[in-house]
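Student: Can you keep this structure in mind? I'll have questions shortly.
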Amino acid sequence: MKFFLDTANLSQIKEANDLGILDGVTTNPSLMAKEGIKGKAAIEKHYIDICNMVNGDISAEVISTDFDGIVAEGKYLAALHKNIVVKVPMIKEGVKAMKWFTDNGIRTNCTLVFSAGQAILAAKAGAKYVSPFIGRIDDTGWNGMELIHQIRQIYTVQGFKTEILAASIRNANHITQCAEAGADVCTCPLDSILGLLKHPLTDIGLAKFLEDAKKFV
Ligand code: E4P
């Protein structure tokens, strides 16, 4: 399973990249706004900065909702850097645009996916990635991880090549469960990745080893 970082924060991207385990980055308009990135030039520079930091796929999301607008925006984003993957919402015009991008050699990440039916449409449109939002489903009282299992089953049975990019990750346990469910990619906040490191027995064991090591130096 590939690890993507779900942020537009450059220092967090550097920290995760320095670990040597980062395969890509996903952004969305909310994450860009959180970093105070405003205006076409600043957005363009920010995406290029991320692409130059990380050797992997970087999702950049369109904000148009009509076919012509999505295509124009996606073409512009894809031309910024070879690492850019155009993130397109799961709406009717988005499906049509994703098929256009597929036919024209532009990779897409279908976002805002909350059902297996939507994941089938994304695969039929040739999306490189489909992004089911686990945490937001959990927030409504349903089980986000069940959707990952269901999409994995459908894609395997049908031979769809679209990669399952589990999104809206809230904690380290989500990452472990995504790996178990057969997600191809998990896009995570840095805290959730660092949470994978934690186990009290590791801390206790290391303290004891270091204490005992003093006895023979
Ligand atoms: C990533 O592609 C998604 O935009 C992101 O994971 C959404 O996460 P959130 O539900 O925490 O906003």
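The values are calculated or read from the model by the stated rules, or taken from the named source; none is laboratory data. Keep in mind that this is a model prediction, so the values were computed, not measured. So basically every Cβ, Gly included, is an ideal-geometry build from the backbone, and we count neighbours across all protein chains shown. With ligands, DNA and RNA removed, areas are computed over all heavy atoms of the protein, side chains included. Shrake-Rupley method; radii C 1.70, N 1.55, O 1.52, S 1.80 Å.
Student: How many residues does region 186-217 hold that are in contact (Cβ under 8 Å) with a residue 40 or more places away in the chain and either of a type in the set (S, T, N, Q) or not in a helix (DSSP H, G or I) (or both)?
Tutor: 4
Student: How many residues are within 15 Å of the ligand (Cβ to nearest atom), farther than 23 Å from Lys99 by Cα and of a type in the set (S, T, N, Q) if we restrict to region 22-71?
Tutor: 1
Student: Scan region 1-28 for residues that are in contact with a Leu (Cβ under 9 Å, 6 or more places away or on another chain), in a helix (DSSP H, G or I) and open to solvent by 60 Å² or more (accessible area, probe 1.4 Å) and jot them down.
Tutor: Passing the criteria: Gln12, Glu15.
Student: Here is a follow-up. So, of the residues in region 29-39 that are in contact (Cβ under 8 Å) with a residue 24 or more places away in the chain and assigned to a helix (DSSP H, G or I), which turns out to be farthest from Arg152 (Cα to Cα)?
Tutor: Lys34
Student: Looking only at region 1-11, which residues are within 14 Å of the ligand (Cβ to nearest atom) and under 21 Å from Leu196 (Cβ atoms)?
Tutor: Listed by number, the residues that qualify are Lys2, Phe3, Phe4, Leu5, Asp6, Thr7, Asn9.
Student: Does Ala42 count as in a helix (DSSP H, G or I), without any contact (Cβ under 8 Å) to a residue 12 or more places away in the chain and either open to solvent by less than 10 Å² (accessible area, probe 1.4 Å) or within 27 Å of Ile175 (Cα to Cα) (or both)?
Tutor: In short, no.
Student: Going by the conditions given, is Ala183 under 17 Å from the mean Cα position of the chain (by Cα), part of a helix (DSSP H, G or I) and within 27 Å of Ser11 (Cβ to Cβ)?
Tutor: no
Student: Let me ask you something else. Can you pull out the residues in region 164-178 that are more than 23 Å from Asn28 (Cα to Cα) and in contact (Cβ under 8 Å) with a residue 24 or more places away in the chain?
Tutor: Gln177
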